[in-house]
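All remarks here apply to the structure that follows.
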Amino acid sequence: MQYGHFDDANREYVITNPDTPQPWINYLGTLDYGAIITNNAAGYSFVKSGFSCRLLRARFNAAPATCPGRYIYLRDRATGDYCSTSWLPVAKPLTRYKSECRHGTGYTTISSEYDGIATRTSYYVPIGKAHEVWACTISNKSGRNRRLSVFTYAELTNHNLASQDMDNLQYSEYISRTYYKDNCIIQSINENQGEIGRVTGVPGPGTYRFVGLAGAKVTAWDGSRSAFIGANRGYHNPAAVERGACSNSLNYAQNSAGSLQTDVSLAPGATVTLVITLGPGDAAAARASLKPYARPGLVGRELAALRAFWHERLGRFTVTTPDPDLNTMVNTWNAYECFITFSWARASSMVYTGERNGFGYRDAVQDIQGIMHLEPESAGKRLAFMLSGQRSNGGALALVRFDHIPGKLHANELRDHYRCDDMLWVFPTVDMYVKESGDVKFLSRRVPYADTGADTVFGHLRRALEFSLARLGSHGLVLGLEADWNDCIRLGEEGESTFASLQLYQCLTLYGQFAGWQKRPAEAKWAAAEVKKLADNLWKHAWEKDRFVRAFSSLDNSVIGSRINREGRLFLNPQSWAVISGLASPAQGRTAMDSVYRELATDYGVMLCYPGFRKYGLPVMRAVLFMPGVKENAGIFCHPQGWAILAEAYLGRGNRAWEYYNDCNPARMNDRAEVREIEPYVHCQFTEGKESAYHGRSHNPWLTGTASTVMVASVRGMLGLRPELEGLVIDPSIPSRWNGFTMTRLFRGRTLEITVKNPGHVEHGVKELTLNGETLPGALVPVRKMKKVNRIVVVMG
């Protein structure tokens, strides 16, 4: 079933049936002020952190899951009939109620029509501002005079900390109150701190929020949730709307809300525009947010600026292939999701409640890779920030707080526990950044450690290697420590991870390359010797005929991912990473990846492992706690899908790379949304595997490493764009049925217009490459030969 369609020209997803299987959301704002909004105007807002500075309340895992939200109610004063400008919460019959939601880049516009009244409401955070705007246009299409009452509704938290607001009711309800002043509801929290008194608008140590209205005079208001909603009612039938008037209530020691009522009269064809602003601040901040909207046209200009900002950002790389779903994702939605994930890590969504008040180390370092080809400057800044989350012993903080200051660790950061893979993700990310930007000096930049001291980036990398090499087990492989990416495997103090060992192999190889750039031959020689020892150990102990085992547990002396196992006989990640790391020869890589195709591939993606765990469990295999086919227990964990695609692309098997890409492409499921359930325009954390009765159903959209890995696999793998210090390699691995494709890419300040031709219908291989009419050897386009605008033709064969 289809609930909407892609509008590629406007970079929007258009939802035409609001009764979606799950709330389908969008993100608004920036790192300073963030917001989440569903296709039915639910969601919440926060300043910098979804956990420590929540403004709008959210109830996770509630039924219905869409309440509360940014609601606007309309009531016909003649008949008493009412609706909401979004289908929910009132939920009028869809036979009479028309709805369209356009999720765009940084904004969402919801249109409705009911009983001759049409509305169009745009929700967004203006560029450079720290508040949100709801701009609602109401039009009378009924052919008769209409008298309407319009009500806003925003449910404000009673405490900045989301957990305090929801759980500590014996405190949080008794610190919040509201005022009405100048078309605004002002909420104050802890206002008696210091000597600020009871008058709003006076600066002080208390916390203030506002909901204000421009474009019409407020005729009544409610600052109390209970007064607006009423006893034994819900958001679908609030008492104030049903009776036709707010009661001019104010909250005192209960729950605050922001409801502003205005009464409007519309002749046939007439239109009125109301602007609601919501954000942190006192009465003065509220007035300042509303004042500019006295000028006509500001909303249109702000939305145009927002679209222009995002479209330019996403437009730095575009591709046109024979696969429209791939084009849609790579050009807009996968790229947009990469930026959202880059910004908010795993902090705030409709699944993550915000308690991860910072950047998970391994997650955030991988997220950087997804935006590398679009915004290397931001990637470099974040990379340096994450390096400052490394301890001086070479290990990393599990979480780098949003307000992280090197040298000032919090109490919970002092514990000496580590995951073995955290720092291993830094090496390929540094490699990508230096080659994308050409900034070799980045390796010489001094960056502080999280606890004490500082070093160059190259020095940070050396300590990371020393940390891993000092923690090898009896097979000479990397100890798993607390986790090795898969948090559901516990290997014990002496347990070893094949996956992390393959990562270390790649890191040592890259370090040798970095040492060459730094003109440090002794370091390169040291790394080469360690590479050889590690390779020998991997082939001797971890290879079983057609697969690499997953790990060695010291808790029960078992081998995880062995051919002889009844459960978890094959794991995906060691096979793909044998190719990605460079350890496996092409023939060996094909053998390992053929095992993946034979035993793990499904129509909805590649399972993380198979068969699922039912008996083999704790203390080693924590995945047994999940049902078979779910998450790490033989589910289709989507993060590694990108690695499977990339491995096949590196092997030159474009048909299989595209097949894996197609299987996990959300846009491919647009006409089967009842199966996937979540948004068809973003990647997710996992899809249920073939051992689930709901094979194909997906979970945890938006904030996932899948966004980055699939983007990297698309751009570097299938489309073949791999920067080197000397220039850009163009070496695609594509479906043999494609005749070719075109790309436009910005690279170090130059525009590249690339045409790829595939007359022989091959999967891989460059027969000829020309730059501005000049034939070049191989697949490298040297940056020294590039002009400001370049025309490149690649002939495969």
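The values are calculated or read from the model by the stated rules, or taken from the named source; none is laboratory data. This is a predicted model, so every value here is computed, not measured. Counting neighbours? That spans all protein chains shown, and the Cβs are built from the backbone with ideal geometry, glycine included.
For segment 725-782, give me each residue that is in contact (Cβ under 8 Å) with a residue 40 or more places away in the chain, farther than 28 Å from residue 662 by Cα and in contact with a helix residue (DSSP H, G or I) (Cβ under 9 Å, 6 or more places away or on another chain). Of everything in segment 725-782, those that are in contact (Cβ under 8 Å) with a residue 40 or more places away in the chain, farther than 28 Å from residue 662 by Cα and in contact with a helix residue (DSSP H, G or I) (Cβ under 9 Å, 6 or more places away or on another chain) turn out to be 725, 726, 727, 748, 750. Quick check: anything in segment 146-162 of a type in the set (Lys, Arg), farther than 25 Å from residue 336 by Cα and in contact (Cβ under 8 Å) with a residue 12 or more places away in the chain? Yes, segment 146-162 has at least one match. Being assigned by TED's automatic domain parsing to the domain that holds residue 115 and surrounded by fewer than 17 Cβ atoms within 10 Å (Cβ to Cβ) holds for only one residue in 257, 253, and it is 253.
Could you please let me know if residue 209 is modelled with pLDDT of 95 or more and surrounded by fewer than 24 Cβ atoms within 10 Å (Cβ to Cβ)? No: the conditions fail for residue 209. Identify all residues within segment 583-598 that are among the basic types (Lys, Arg) and without any contact (Cβ under 8 Å) to a residue 60 or more places away in the chain; write none if there are none. Passing the criteria: only 598. Kindly list the number of the only condition in (1) among the polar types (S, T, N, Q); (2) farther than 30 Å from residue 514 by Cβ; (3) in a loop (DSSP other than H, G, I, E, B) that fails for residue 685. Evaluating residue 685 over (1) among the polar types (S, T, N, Q); (2) farther than 30 Å from residue 514 by Cβ; (3) in a loop (DSSP other than H, G, I, E, B) leaves (3) as the failure.
Checked against (1) within 30 Å of residue 630 (Cβ to Cβ); (2) touching a helix residue (DSSP H, G or I) at 6+ places or on another chain (Cβ under 8 Å); (3) surrounded by fewer than 16 Cβ atoms within 10 Å (Cβ to Cβ); (4) free of Cβ contacts under 8 Å to residues at least 60 places away in the same chain, residue 557 passes all but condition (2). In this entry, residue 742 passes the filter for residues that are at negative phi, exposed (fewer than 15 other Cβ atoms within 10 Å of the Cβ) and touching a Ser or Thr at 6+ places or on another chain (Cβ under 7 Å). Only one entry of 119, 109 meets the criterion of being surrounded by fewer than 24 Cβ atoms within 10 Å (Cβ to Cβ) and under 22 Å from the mean Cα position of the chain (by Cα), and that entry is 109. The set of residues in segment 351-390 being among the aromatic types (Phe, Trp, Tyr) and assigned to a loop (DSSP other than H, G, I, E, B) consists of 352 alone. Put simply, of 247, 226 the only residue that is assigned by TED's automatic domain parsing to the domain that holds residue 124, in contact with a strand residue (DSSP E or B) (Cβ under 7 Å, 6 or more places away or on another chain) and small (Gly, Ala, Ser) is 247. Of all residues assigned to segment 191-201, none qualifies as being within 12 Å of residue 250 (Cβ to Cβ), at pLDDT 95 or above and not in a strand (DSSP E or B). The residue that is surrounded by the fewest Cβ atoms within 10 Å (Cβ to Cβ), counting only those in segment 273-295 that are within 16 Å of residue 33 (Cβ to Cβ) and in contact with a helix residue (DSSP H, G or I) (Cβ under 8 Å, 6 or more places away or on another chain), is 281. Within segment 752-762, being in contact with a strand residue (DSSP E or B) (Cβ under 6 Å, 6 or more places away or on another chain) and more than 16 Å from residue 320 (Cα to Cα) holds for one residue alone: 762.
Selection of segment 123-134 for residues being hydrophobic (A, V, I, L, M, F, W, C), in contact with a strand residue (DSSP E or B) (Cβ under 8 Å, 6 or more places away or on another chain) and either part of a loop (DSSP other than H, G, I, E, B) or over 16 Å from residue 210 (Cα atoms) (or both) yields 125, 130. Of all residues in segment 267-292 being touching a Gly at 6+ places or on another chain (Cβ under 6 Å) and of a type in the set (Gly, Ala, Ser), which is farthest from residue 160 (Cα to Cα)? So, considering only residues that are touching a Gly at 6+ places or on another chain (Cβ under 6 Å) and of a type in the set (Gly, Ala, Ser), the one farthest from residue 160 (Cα to Cα) is 284. Taken as a whole, the structure leaves residue 412 outside the set of residues that are part of a loop (DSSP other than H, G, I, E, B) and of a type outside the set (Ser, Thr, Tyr). Looking across segment 602-656, the residues that are of a type in the set (D, E, K, R) and either surrounded by 20 or more Cβ atoms within 10 Å (Cβ to Cβ) or assigned to a loop (DSSP other than H, G, I, E, B) (or both) come down to 603, 614, 615, 631, 632, 648, 653, 656. Within segment 443-465, does at least one residue satisfy the condition of being crowded, with 23+ Cβ neighbours inside 10 Å and more than 26 Å from residue 713 (Cα to Cα)? So far as segment 443-465 goes, yes, one or more of its residues are crowded, with 23+ Cβ neighbours inside 10 Å and more than 26 Å from residue 713 (Cα to Cα). Taking segment 695-797 as the region of interest, the strands (runs of 3 or more DSSP E) fully inside it that hold 1 or more residues being modelled with pLDDT of 95 or more and either aliphatic (A, V, I, L, M) or in contact with a Leu (Cβ under 9 Å, 6 or more places away or on another chain) (or both) are 721-724, 727-730, 740-747, 750-757, 766-771, 774-776, 780-782, 789-796.
Among the residues of segment 53-84, the one identified as β-branched (Val, Ile, Thr) and either free of Cβ contacts under 8 Å to residues at least 24 places away in the same chain or surrounded by fewer than 15 Cβ atoms within 10 Å (Cβ to Cβ) (or both) is 79. Taking the criterion of being acidic (Asp, Glu), within 19 Å of residue 489 (Cβ to Cβ) and in a helix (DSSP H, G or I), the only residue of segment 421-431 that qualifies is 422. Just one residue in the set 351, 400, 365 is surrounded by fewer than 19 Cβ atoms within 10 Å (Cβ to Cβ), within 26 Å of residue 51 (Cβ to Cβ) and among the β-branched types (Val, Ile, Thr); that residue is 351. Is it true that some residue in segment 779-796 is buried (at least 16 other Cβ atoms within 10 Å of the Cβ), outside the structural domain of residue 659 (by TED's automatic domain parsing) and of a type in the set (D, E, K, R)? No - not one qualifying residue is present in segment 779-796. Of note, residue 336 satisfies the criterion of being among the aromatic types (Phe, Trp, Tyr), in contact with a Ser or Thr (Cβ under 8 Å, 6 or more places away or on another chain), under 26 Å from residue 22 (Cα atoms) and in the same structural domain as residue 455 (by TED's automatic domain parsing).
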